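Note sheet for the following structure.
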Amino acid sequence: MPTSTPASPTEQASTEPNDGGAPLPNDGTVTILFCDMADYAGMTERLGDQASRRILLEQHRIVREALARRGGREIKVQGDGFMVAFGGVARAMRCAIDIQRAFKDQVMEGERVAVHIGINTGDAVAEDDDYLGHTVIVASRLADAAAPGEILVSSLSEQLVQGSGEFDFAGHRETWLKGMARAQHAATLTWTDSAPDDPD
């Protein structure tokens, strides 16, 4: 399998937040993307702090490069978990696909590294450069429910891009999310190894 050389812990690109130059969307409709690594806690236990931190910094670099390319705004990062806001659903989905392509067959420090991603669109309240509300919670829970390498998308986010013909979805299902009283309709955003002509 292909291997990757992790970035040096001192590399600026992996330690500085990147908002992609995009303005923070105002209160109202926003698309939220959550991304984190599968089994990062287990990797930390198996590899120790230094090696696992090198993996973490490389993940940060990959995700931030995708955000800059697709116009996403980094809202917060906690360890291996990113919360990102987009003013458009399609940009969020392109970003998610870019991230998954970058992590395909990725091996770092002898560990197979994969991420899972959740995307949801809806009204959210902007407060102190953060977003609050049900839309954010659902996006976070979708990321938790996604399998390694999967992009799990809410039904509303899917509906908003259906007319474009750019994206394909599979695995439609009702997903029970932690803390939610009702199941959420969700689907997997499918992706291929090679990128088509870039609409951005």
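Sort out for me the Cα centre separation of the range 148-170 from the range 96-122, rounded to whole Å.
Answer, in whole Å: 17.
Once both labels are modelled 7 Å past Cα along the beta-carbon direction, what's the Arg173-Thr192 spacing in nm?
Distance between label points: 2.5 nm.
Taking the Cα centre of the range 57-200 as origin, work out the dipole magnitude from +1 charges on Lys and Arg Cβ and -1 charges on Asp and Glu Cβ, in debye rounded to 20.
My answer is approximately 240 debye.
Based on the mean of other beta carbon atoms within 10 Å per residue, what is the order of 102-113, 155-166, 56-67, most packed first?
Going by the mean number of other Cβ atoms within 10 Å, highest first, we get 56-67, 102-113, 155-166.
Every number here is computed from the coordinates shown, using simple stated rules; none is lab data. What you see is a predicted model, and the numbers here were worked out from it, not measured in a lab. We place every Cβ from the backbone using ideal geometry, glycine too, and count neighbours over all the protein chains shown.
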